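Q: Take a look at this one; I'll ask things after.
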Amino acid sequence: LDGGLYLLGSLLGQTRLGPPVVLGGYLLLGVLSTGYLVACMQGILASSAGGDDQMPDWPEVSEFWSDILLPFLRFVAVGGGLLGAGFFSAVSAGPVVGHPLVLSGVFCAPMALLAVGIADSLGGLNPLLIFSGIAKVPGAYLLTWLVLGGLLLAAGVARLVLGLLPVPLMPGLVSGALGLYALTVGMRLLGVMYHAHRERLNWL
């Protein structure tokens, strides 16, 4: 995504297109890349939850709505549902109220993604379902959360370090690859966790 945005910005910068067209190009590329990435992660989660030991094939794109836009909107809804209340509370009521809500949303995010992925709908974004799921498998969930958080943190640190190098694109490409690996491992771990504890979770 970083490389694509860089190239798109370079190309648009050589034209006489106005700022709205440039912004629209960035937004379109962001929606396409994020939607396809979320679809990939959902495929890994679903195959792992079903007990498949092989990586799934790349998702096919036959319809823009169902294959790209719907995964993107689900991702936005999950992020907004988990973090929106915390950020709003931090602005309106202060950090004492808002920050704990944000941290709670961050902690619950993997379970929320798992629930939405298993349900294949936003019906999985149910606080009772999410909190009860964490309570049923606390050890396995905490381990998964720590591994995923550690991998994403490592990708972020790598981005900051590589950003000090005067090499175009490389920081974004390397950190993007690390971030993709972290997400892949995280979805795999969440799917395996669900498969191992599906009777205890009893979601379906």
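The values are calculated or read from the model by the stated rules, or taken from the named source; none is laboratory data. These numbers come from a predicted model, not from an experiment. Counting neighbours? That spans all protein chains shown, and the Cβs are built from the backbone with ideal geometry, glycine included. To get the accessible areas, we keep the full protein, side chains included, count just its heavy atoms, and leave off ligands, DNA and RNA. Shrake-Rupley method; radii C 1.70, N 1.55, O 1.52, S 1.80 Å.
Q: Could you list, in sequence order, the residues of the range 146-204 that are at pLDDT 80 or above, more than 20 Å from ILE130 (Cα to Cα) and outside any helix (DSSP H, G or I)?
A: Scanning the range 146-204 gives a single hit, LEU164.
Q: Which condition number does LEU146 fail, the rest of (1) open to solvent by 80 Å² or more (accessible area, probe 1.4 Å); (2) in contact (Cβ under 8 Å) with a residue 60 or more places away in the chain; (3) not aromatic (Phe, Trp, Tyr) being met?
A: With (1) open to solvent by 80 Å² or more (accessible area, probe 1.4 Å); (2) in contact (Cβ under 8 Å) with a residue 60 or more places away in the chain; (3) not aromatic (Phe, Trp, Tyr) applied to LEU146, the lone miss is (2).
Q: With the requirement that a residue be open to solvent by 60 Å² or more (accessible area, probe 1.4 Å) and among the aliphatic types (A, V, I, L, M), what does the range 114-139 give you?
A: The answer is LEU122, LEU128, ALA135.
Q: Output the number of the condition that MET55 fails; it satisfies all remaining conditions of (1) outside any helix (DSSP H, G or I); (2) touching a residue at least 12 places away in the same chain (Cβ under 8 Å).
A: All conditions pass for MET55, except number (2).
Q: Let me ask something additional. Taking the range 61-91 as the search range and keeping residues that are loosely packed, with under 15 Cβ neighbours inside 10 Å and of a type in the set (Ser, Thr, Tyr), which one is farthest from GLY123 (Cα to Cα)?
A: Applying the filter and picking the extreme gives SER62.
Q: For LEU152, are the conditions met, namely being more than 20 Å from the chain's Cα centre (by Cα) and either surrounded by 15 or more Cβ atoms within 10 Å (Cβ to Cβ) or closer than 18 Å to LEU103 by Cβ (or both)?
A: When the stated conditions are applied, LEU152 does not pass them.
Q: List pairs: first residue in the range 66-87 and within 17 Å of SER33 (Cα to Cα), second residue crowded, with 16+ Cβ neighbours inside 10 Å and among the polar types (S, T, N, Q) anywhere in the structure, Cβ distance under 8 angstrom, at least six positions apart or on different chains.
A: PRO71/GLN42; PHE72/THR34; PHE75/THR34
Q: Which of the residues that make up the range 48-60 are of a type in the set (S, T, N, Q) and open to solvent by 20 Å² or more (accessible area, probe 1.4 Å)?
A: Step one: filter the range 48-60 for residues of a type in the set (S, T, N, Q), giving 48, 54.
The one that is of a type in the set (S, T, N, Q) and open to solvent by 20 Å² or more (accessible area, probe 1.4 Å): GLN54.
Q: On to the next question. Can you run down the residue pairs with Cβ atoms below 9 Å, 6 or more apart or on separate chains, where the first is in the range 168-185 and closer than 12 Å to ALA154 by Cβ and the partner is of a type in the set (Asp, Glu) and open to solvent by 40 Å² or more (accessible area, probe 1.4 Å)?
A: SER175/ASP2
Q: To continue, here is another question. Quick check on my filter: what residues within the range 63-82 are part of a helix (DSSP H, G or I) and over 13 Å from the mean Cα position of the chain (by Cα)?
A: Initially, the range 63-82 is screened for residues part of a helix (DSSP H, G or I), giving 64-82.
If the condition is that a residue be part of a helix (DSSP H, G or I) and over 13 Å from the mean Cα position of the chain (by Cα), then PHE64, TRP65, SER66, ASP67, ILE68, LEU69, LEU70, GLY81 are the ones that fit.
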